[in-house]
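These notes concern the structure reproduced below.
The values are calculated or read from the model by the stated rules, or taken from the named source; none is laboratory data. Here the structure is a predicted model, which means the values were calculated and not measured. Here the Cβ positions follow ideal geometry from the backbone for every residue, glycine too, while neighbour counts run over all protein chains shown.
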Amino acid sequence: PDGAPVLRTPFGLIHMVRPFLLEHPEMRLARGPDDTADPGGRISTIRLIGDAPPSVTFEAGDLSIWTSPRNGNFTRYDGPVVLRESLEWRPGFPYEDRESRVVSLEALELPENANFFLVTCAANSDAGDMINTIGGIVELAAADGRVVPSSASRRRVDADALFEHTQALARLGMSRYLALPELADLLRDRERFLALCEGMFDFRTQSKEVSFGPGRELAIMRGKHRCVYGASHPVYPEVREDWLNHIRRCIDRGVDGVNIRIASHNFGGCRDPWAYGFNQPALARMAHPENTAEAAKINGEAFTTFLREARELLHAYGKEIGVQVYAQMFGHDERDPGRCPLPRNFDWNWEAWIRDIADYVELRGGFSMREANAREVADRVGLAAREAGIPFIYQGNRLATHFDGPHPSLAREMDWTREHPDITMYDLYETANFTRIDAHGEFEGSPEIADIARNHWWKRRNSHP
């Protein structure tokens, strides 16, 4: 209903949202103003693009097109289509000169209101697979030939799982939207809920490489994400004040301090992470609106300003401030941009944080690196912490912690971090991975991880002078 506490997006509703973002949607981390301009008009061409041997050829009967005005509930298109194949140069990654096979579905007379498209390939096709990144495998074009921004997805929403998850959130009272009386009947009617969600795709996720061919399908959304939906930008004083209010609530509850984590799940599935950070207050200060270095400087200064304000607030109450430094601040992993947990176009002034702001520093994200690279980053952060005279915490590899073993990677990591001259503490992360509630309702931790901690961290560390 109108006025419902939800964020409306092109691909669906986000109902787990804080009131501040509902009141100030313009303060979410935004793309540049011309980055996703849609020329308008009916879509008349769908192009599938990818690396493929010359033997990859499609027949008209191999492919089916489906359309919908919204995400899901697709209707089959039975109008005219001209299939044309060609070899064309397209940018790829890693960058090199190479031709891509382009399968063009042309002369389409798709519905005017179609904003979502689904292309499927028959399982018995002899076409073979086309391979590309999720951002490069498809292209939409209007009747005048202009390319229309689009987003692709291979991941269907599990409607049954979504229904169960939604019911659990409603029972726990965790969503104001789900508590609306208008939704009561829907939440009790599984069949109606599943019908509403039929054919939905998740357009938030990003895969580093996808394929299209026999037995596969590819969903396409007209347009790109104009913002990171759950992330606000500290260039706005109002955003920094909202974040400080979270810290005030922690202080009111008697905490000893607050650890500021930079990484966010809001960015873990973000498309085109390099495209965000161009909010209006930042653009107004930039000499060249598309210059990422200018944006990064302004955005980074805004975040550091927040940390200084947080330090002043916490110290006024005798509380400590911890700051997390993330491993990916030291380099971007271009193989899978959707896994980047940080907004790009920010200068992360981590040395100034350690020197001037933090009472202790924690390094997170070593699990995203090879061990040699994680050690190099630990050396750099550790040296800065040593010079600042503050403790240095190394956050452990969350991918190596499970209730049941074996845990050789965890033991090895504890060994080298224990011997590191600047690492003060090891953060065994994350608790949900290696604890559980047993059959008697009692809290239980992994016995093997407890032994590893005793033998690879505490026992040997306590033997040092």
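Of all residues being charged (D, E, K, R) and crowded, with 18+ Cβ neighbours inside 10 Å in region 183-225, which is modelled with the lowest pLDDT? Just the residue, please.
Taking the candidates together, the pick is Arg204.
Table: residues versus (1) crowded, with 21+ Cβ neighbours inside 10 Å; (2) closer than 30 Å to Ser446 by Cα; (3) among the hydrophobic types (A, V, I, L, M, F, W, C); (4) in contact with a helix residue (DSSP H, G or I) (Cβ under 7 Å, 6 or more places away or on another chain).
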residue: Gly318; (1), (2), (3), (4): no, no, no, no
residue: Asn349; (1), (2), (3), (4): no, no, no, yes
residue: Ala358; (1), (2), (3), (4): yes, no, yes, no
residue: Ala385; (1), (2), (3), (4): yes, no, yes, yes
residue: Ala388; (1), (2), (3), (4): no, no, yes, yes
residue: Tyr394; (1), (2), (3), (4): yes, yes, no, yes
residue: His402; (1), (2), (3), (4): no, yes, no, yes
Item to check | Where Val6 falls short, out of the listed (1) surrounded by 15 or more Cβ atoms within 10 Å (Cβ to Cβ); (2) closer than 29 Å to Leu186 by Cα; (3) at pLDDT below 90 | outcome: (3)
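Can you pull out the residues in region 171-193 that are within 25 Å of the chain's Cα centre (by Cα) and either hydrophobic (A, V, I, L, M, F, W, C) or assigned to a helix (DSSP H, G or I) (or both)?
Taking region 171-193 first, the residues within 25 Å of the chain's Cα centre (by Cα) are 174-178.
Passing the criteria: Met174, Leu178.
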Next on the checklist: So, in region 194-225, exactly how many residues are assigned to a loop (DSSP other than H, G, I, E, B) and under 27 Å from Ser104 (Cα atoms)?
Outcome noted: 17
Next on the checklist: List the residue pairs whose Cβ atoms are under 6 Å apart, where the first residue sits in region 29-49 and is over 26 Å from Met286 (Cα atoms), the second is at pLDDT 90 or above and among the charged types (D, E, K, R), and the two are 6 or more positions apart or on different chains.
Outcome noted: Pro39/Arg146; Arg42/Glu112; Thr45/Glu106; Arg47/Glu139
Next on the checklist: One residue is enough: does region 217-232 have a residue meeting the conditions out of contact with any Leu (no Cβ under 7 Å at 6 or more places or on another chain) and of a type in the set (Asp, Glu)?
Outcome noted: no
Next on the checklist: Within region 1-59, considering only strands (runs of 3 or more DSSP E) that don't extend past its boundaries, which have at least 3 residues that are closer than 24 Å to Tyr276 by Cβ?
Outcome noted: 7-9, 12-14, 28-30
Checklist entry - Do you know which of the residues in region 425-442 that are touching a residue at least 24 places away in the same chain (Cβ under 8 Å) and hydrophobic (A, V, I, L, M, F, W, C) is surrounded by the fewest Cβ atoms within 10 Å (Cβ to Cβ)? => result Met425
Checklist entry - Before we move on, is Arg271 assigned to a loop (DSSP other than H, G, I, E, B), charged (D, E, K, R) and either modelled with pLDDT under 90 or more than 23 Å from the chain's Cα centre (by Cα) (or both)? => result yes
Checklist outcome for this item: Of the candidates Asn397, Asn349, the one satisfying the condition of being under 25 Å from the mean Cα position of the chain (by Cα), under 15 Å from Thr417 (Cβ atoms) and in contact (Cβ under 8 Å) with a residue 12 or more places away in the chain is Asn397
